[in-house]
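Nothing in this text is a laboratory measurement; each read-out follows from the coordinates by a stated rule. Computed from a prediction, not measured in an experiment: that's the story for all the values here. Glycine also receives a Cβ, built like all others from the backbone with ideal geometry; neighbour counts cover every protein chain displayed.
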Amino acid sequence: MIRGGLGGGVSDNSTKPSQSGPEKNLGQPTLPASTSSSSSSSSPLTFLCSLLRSPPSSASHFVALLPSSSRFRVPRIQKLQFVLFKRKPVHFLPTPEIHDEDQEVWVIDATGEIFTEYDDYLARMSFYKSKRFICEITGHSGLDFFGALESELAGSKDVEESFPDALKGPILKKVQFQTIPRIDNLVDLIYDFFKSDFFPGEQVIATLHNNDKTEGQIREKTSFPEQRNAQGEISKPAVANYTVSLINRGSEITLTGDDLCRDRRIFTKAMLRAFIKNTVHREAWNGAPWLVKDSYARRYSITQSIPKHLQRGSTVAERKAMLAVRKMRAEQGFSLTIAGTGPGLSPDPTPPKPKKGKQKDAEGKQSILSLSSTGILKIQTVPEPPKPPPKPVIKYPIEDLTIMPSVNSKKRPTLKRLHEAVPTKKLSEESVPLLLETWVFLNVYCEPFLIDSFTFDDYIDALFYNEDHQECALLVEIHCSMLKALVDGGDEGKVKIAGILDLDSEDDEEDSEEEEEEDLPMQTRRSSARFNLLSKAATNGHGDNQNPVWLELIRKREFQHGGWETIIVGLFGQISANTQFKPLATEILRYFSPLGEEPNLLTARGQYRDLDINTKIKIIQLLQKLTFETSIVRNYMEECGEAMTRLRKDKIEHQKTRKVYIEELKTLEDERRQLMPENESSSPVRETEGEGDTKMSNGYDTPELDNEGEDSDSSRPAIRRPSNRAAERKRKREQEKEKEEANAKLQESMQKYKRACLAVDKAKAKIRQEEAAIAELDSDLRESDCARLRLLGRDRFWNRYWFFERNGMPYAGIPTSSTADSGYAMGRLWLQGASGEEQKEFLDLDRVVNNDTNDGTKVSMSIKERRKKEEGNAALRGPEKWAYIDDPEDLQLLLDWLDVKGERELKLKKELEIYKEYMFSAMEARQKYLSPPDSNQGGEVVVRMSTRTKSVA
């Protein structure tokens, strides 16, 4: 009686043996007794392999009943799927010998294991139900045996269906007998070997000669082996040509392996790993080879005879011999060769005669004759000295400071400093970044401020202007437009910086004065007190503490005759109580209210005119900070952001349209190429009617006289028969008709060719139109990008490069501005020193940089030494240091100086190459604008009178 079930279920299946012979249950074959006896002593793997030679038709267990003199057994499920337990295959228990036919047994259907004791059956089922098994195919762990087996079967089926059939045989032949222990390394080896090799029947993606990609199938493969010269070097590598059937085009083409690739979803390392796990196995001992499973080996005709040197006995003997050699080396101090221990070796019964010194073997290697402890002469091959490893080739780009300059390296052009170039040297170096900041801000946001764009040179000229008889129109326009942005017009104009201004009661003012007395020095307190008096005097009965006179002047837009200067005095005196703007406002007020003069309205204009350029720049900077907090700037930034989103969408649409036109152009080019005549200028020449008439006249009307002057009977011309004349006329008519048809076809083909050429030209015109639209959208995107400045890049010494016209403004300013005829806006490329962190981390170190260049030279130099050698005194030490290049020749020298082997300078040079033409144009326009024909000037900036005539009231 047999009790069994899958997953622990127990059922009773009673069968009785037949007296006459074996009874076959469920149509299954009967196992002979020899199989039963032999399998009990063999390993589970051998047993399962033997069962595969006669697989049953059902996956369920079966019972074979033999006569009473025989023994019976229940074979286990015949699947070569290995469930792993502690990363090793699960070994099934051997089948017990059962002599009593009526003995009760328990069977596990999934494994075919038979138990005569119920406790053993329960213990085995408890083992199988523990969550400690691993699926070999998928790698999933934490499964019970039956779940892992199910995962194995499902994963094996998926891999079998998804992996390309054309690759299975070649890959298994390559894997067979490999001795790489780790499967990860084996997968890498197989993947690298087959990723550029293809086989007939594979589905591939072919890249045609016009760079079009289409699906195809390998129909035929032709391989050419590599060729070597007399020195053994490879003169021509191995190549393969593939005949590919294009699926979607119905044609065939011959391509190389470089033009083919597989679908990324089909041939991956993960899928290759799963296929190898599913089809090969390896025994658990060191040096064991990978073996293809029997079913796959028979399917793809792969030999299963393991070579002798890969068999376990041979490898064990070899390892023992190596251990013995090492032991003898350690004991005796010299090496001995043990004969007959390696694969395919046997002791030589007739040892050669000893010779002194060294000998060379058949391969030219040095050998040494020595005697072993047993007196046998041995030949020891002297190992060749190891070759030095090849020098590693430097792969660029690398860190810029590790690239040593060559002996004849180019030098960076001389940089100019703005505080040294302006006349009379009144501009301090600390004011240069503020000057650049205010100019960029005013030109980027000139539209919301309702002012014209202006050049940087005009800006400097305006700040230096201090004539009494006439005001500078540019300065008046700048200050008035920025003041208007702070307060709306009208009697009840809204103050847009109310949160910044202090318009509270007198008690708060007294408290603030006490705080100032505690924090500020004596001169600052007296200066602030004087400006409080000036603010009160400016009221003149028209204002109070909540509505000071400067606020009323802004609302009424009274900027003339010292009005805007008075507003600035009152405004800065008001905001000096704010901690955010207190230091800058107090410093400006100190110069605006000298201690020796009484504060009054009439002196405000003169005091501003007498200010130096550095204080004027600070006034504009403080106004910039105030206006940046207003809604006029914020709204403009939001509008530009929305405009950029809209422009990007339009650009994408134009790019899609251009792509469609390009595809259409390719089709039209193919049609035109097919319609192109062999010789466009040649055409068949039609015979004229005169030639035809002449021929007919000579052949029919004109008689032919005999040269010998015979009588009339003999000299009479032979008249053709009417039948011949009719045939001749018919033949000529057919020839003329054929010529006319040929000419008509030629004319028709020429017309088609002309129409095809016209269609190609129209398609090209459409593409050019779309490209022009894309370029215009790019320009609009660049001008709308006003949120932040875009850095070009950094050089080897971490200097930053700025092209301020790069974004946020037109390259030459607004076309309708009063200075649009200048043709430039800044006309300079600016360099800024490295930041404090970069200076400390990379430049202020005495670290020595060693660099082995590819030419074999080696240079050692500290970063400080190199910087001093290349930059000298022109080094920009700090982010507050600025310099510029304003000459096209110097810009070209800078491009030549940059080394594309460095990471930073490679990126910087790419950006400079993009905007190089714009920089050249701006620099040339600036030189022309600032250099009249009769001028003879040096390198200093010339003070010019602004020509702006815009009213400000």
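Distance from the C-alpha centroid of the stretch 626-651 to that of the stretch 763-785: 21 Å, rounded to the whole angstrom.
Counting other beta carbons within 10 Å of each Cβ, put Met826, Met404 in order, fewest first. All intermediate terms of the calculation are to be shown ahead of the outcome.
Details: Met826 28, Met404 17.
Least to most surrounded, the residues fall as Met404, Met826.
Could you rank the peptides 832-841, 557-566 by their average count of other C-beta atoms within 10 Å per residue, with the highest value first?
With the highest mean Cβ count within 10 Å placed first, the list reads 557-566, 832-841.
Sorting Trp802, Trp897 by the number of Cβ atoms found within 10 Å of their own Cβ, with the fewest placed first, yields Trp897, Trp802.
Neighbour counts of other Cβ atoms within 10 Å put Ile218, Ile306, Ile190 in the fewest-to-most order Ile306, Ile218, Ile190.
Can you tell me which of 724-736, 193-205, 135-147 comes out highest on packing, and rank the rest after it, using the mean Cβ neighbours within 10 Å? Intermediate values should be presented prior to the final figure.
Details: 724-736: 11.4, 193-205: 16.2, 135-147: 18.2.
Those peptides, ordered most packed to least, come out 135-147, 193-205, 724-736.
On the principal axes of its alpha carbon atoms, the stretch 144-233 extends 60, 39, 20 Å, with the longest extent given first.
Of Lys168/Lys221; Lys195/Lys659; Lys411/Lys910; Lys395/Lys916, which pairs sit farther than 23 Å apart, going by alpha carbon to alpha carbon? Lys195/Lys659; Lys395/Lys916, as the Cα separations exceed 23 Å there. Extension gain, Ala240-His99: 0.36 nm per intervening residue step, less the Cα-Cα distance, totals 44.2 nm.
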